[in-house]
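Have a look at the structure below, then the notes.
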Amino acid sequence: LDQNDVTHILDDNPLKQGRFLPATHIPIRSPVEEPLCAGRDSVLIFAWNVAEDILAKLPSGVDAIVPLPSLRTIRR
């Protein structure tokens, strides 16, 4: 995956915001500044250990893909 596939990454950690994902140049943004899933129909959640918390924040109609620890697709 690169910046052609993933437009940006949202992260609550202010130390990561404003930086880029290594080797991909995908920007890391604040979920406060970037409305969660604005104009998106699906999201990829790598933080599998807090996926349930993230899923609770997603608006209806947004599907989620959680690839770890085993692949799950959640239709909302």
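For this structure, a couple of remarks:
- Estimated distance in nm for a label pair at Ile28 and Asp63, the labels positioned 7 Å out from Cα along Cα-to-Cβ: 2.8
- The DSSP beta bridges internal to the chain are antiparallel in roughly 50% of cases.
- Each label point was placed 7 Å from the Cα along the Cα-to-Cβ direction; for Ala51 and Thr7 their separation is 2.3 nm.
- Working note: Debye formula, equal point scatterers on the alpha-carbon atoms of the chain, no solvent; log10 I(q)/I(0) at q = 0.16, 0.27 Å⁻¹ is -0.59, -1.49.
Readers should treat all values here as calculations from the given coordinates under stated rules, not as data from a laboratory. Being a predicted model, the structure only gives us computed values, none of them experimental. Counting neighbours? That spans all protein chains shown, and the Cβs are built from the backbone with ideal geometry, glycine included.
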